[in-house]
Amino acid sequence: GENVEQHPSTLSVQEGDSAVIKCTYSDSASNYFPWYKQELGKRPQLIIDIRSNVGEKKDQRIAVTLNKTAKHFSLHITETQPEDSAVYFCASNYGGSQGNLIFGKGTKLSVKP
Amino acid sequence: GAGVSQSPSNKVTEKGKDVELRCDPISGHTALYWYRQSLGQGLEFLIYFQGNSAPDKSGLPSDRFSAERTGGSVSTLTIQRTQQEDSAVYLCASSSDRTRNEQFFGPGTRLTVL
């Protein structure tokens, strides 16, 4: 079946450093790639997304890059802060559909002060 | 405005009992999704409702799991004859045609099967 692989599963960085999380997908019809942040005990929330018609999108300290040829996309967080500590999930839309998302298994990011 | 709500927030049940979990999506959202999240794990897709179309049930793990969405709004996920491996957080999400793809999650129901 369709699959989204996410690496690393855990990531620890010092405050102020950058963090990069990578995902690969298998469905060539996918055209929407969101990233969700889930703080401990809370619901996942969308932090940034990218559609297949662009290669990069940035929002303050976070950015996402997409390589459709290689079927991978990455989340970049610069100048990390302790409040960035959370589990981050990537996803892609199955079959290019409007709704159905397939999620990666998540990356637990820890930012040490 | 009000976000996605779910009830109950916690449910403890005995093995073999049936449970019903409820989801109230954001008003006007046409799509509704159910996911399961086991401890420390990712989001496992269960079922997807879009408007009046037949639901996508491809993620339901067994025939003990079913879901309904009445009147295009509230949804109920039913688990029959619960097993200990059903213990997880069940998350509901909704999205609208206007926002396209962005899913808004509810707080989840933590199910514990003893």
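The values are calculated or read from the model by the stated rules, or taken from the named source; none is laboratory data. From a predicted model like this one, the values you see are computed outputs, not experimental measurements. No Cβ is skipped: glycine too gets one built from the backbone with ideal geometry, and neighbour counts run over all protein chains shown.
A single entry from B:L91, B:L46, B:L111, B:L39 fulfils the requirement of being assigned to a loop (DSSP other than H, G, I, E, B) and within 30 Å of A:T10 (Cα to Cα): B:L39. The residues listed here are B:I26, B:I79; of these, the one that is more than 10 Å from chain A (Cβ to nearest Cβ), crowded, with 17+ Cβ neighbours inside 10 Å and at pLDDT below 95 is B:I26. Pick from the range A:28-39 the residues that are within 12 Å of another protein chain (Cβ to nearest Cβ) and polar (S, T, N, Q): which of them is nearest to B:S38 (Cα to Cα)? Filtering the range A:28-39 for residues that are within 12 Å of another protein chain (Cβ to nearest Cβ) and polar (S, T, N, Q), the one nearest to B:S38 (Cα to Cα) comes out as A:Q38.
Kindly establish whether B:S38 is under 26 Å from A:Y32 (Cα atoms) and within 14 Å of chain A (Cβ to nearest Cβ). The answer is yes for B:S38.
When the range A:15-38 is filtered for residues that are at pLDDT 95 or above and part of a loop (DSSP other than H, G, I, E, B), the ones remaining, listed by number, are A:E15, A:G16, A:D17, A:S18.
Select, from A:D49, A:D27, the only residue that is touching a helix residue (DSSP H, G or I) at 6+ places or on another chain (Cβ under 8 Å), surrounded by 14 or more Cβ atoms within 10 Å (Cβ to Cβ) and either of a type in the set (G, A, S) or within 27 Å of B:P55 (Cα to Cα) (or both).
A:D27
If only residues of the range A:77-97 that are loosely packed, with under 14 Cβ neighbours inside 10 Å and assigned to a loop (DSSP other than H, G, I, E, B) are counted, the one that is farthest from the other protein chains (Cβ to nearest Cβ) is A:E79. Candidates A:S52, A:S74: the one that is hydroxyl-bearing (S, T, Y), out of contact with any strand residue (DSSP E or B) (no Cβ under 6 Å at 6 or more places or on another chain) and under 17 Å from A:Y32 (Cα atoms) is A:S52.
Yes or no, residue by residue, for (1) basic (K, R); (2) touching a Cys at 6+ places or on another chain (Cβ under 8 Å); (3) away from every other protein chain (no Cβ under 14 Å):
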site: B:T70; (1), (2), (3): no, no, yes
site: B:V74; (1), (2), (3): no, yes, yes
site: B:Q84; (1), (2), (3): no, no, yes
site: B:L91; (1), (2), (3): no, no, no
site: B:D97; (1), (2), (3): no, no, no
site: B:R110; (1), (2), (3): yes, no, no
site: B:L114; (1), (2), (3): no, no, yes
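The single residue among A:K57, A:K42 that is more than 17 Å from A:G96 (Cβ to Cβ) and either more than 9 Å from chain B (Cβ to nearest Cβ) or part of a strand (DSSP E or B) (or both) turns out to be A:K57. Restricting A:K22, A:K57, A:K37 to residues that are among the basic types (K, R) and under 15 Å from A:S110 (Cβ atoms) narrows the list to A:K37.
Applying the condition of being surrounded by fewer than 24 Cβ atoms within 10 Å (Cβ to Cβ) and not in a strand (DSSP E or B) to the range A:98-113 and asking which residue is farthest from the other protein chains (Cβ to nearest Cβ) yields A:P113. Within the range B:99-106, none of the residues are part of a strand (DSSP E or B), among the acidic types (D, E), under 26 Å from A:E2 (Cα atoms) and at the interface with chain A (Cβ under 9 Å from one of its Cβ atoms).
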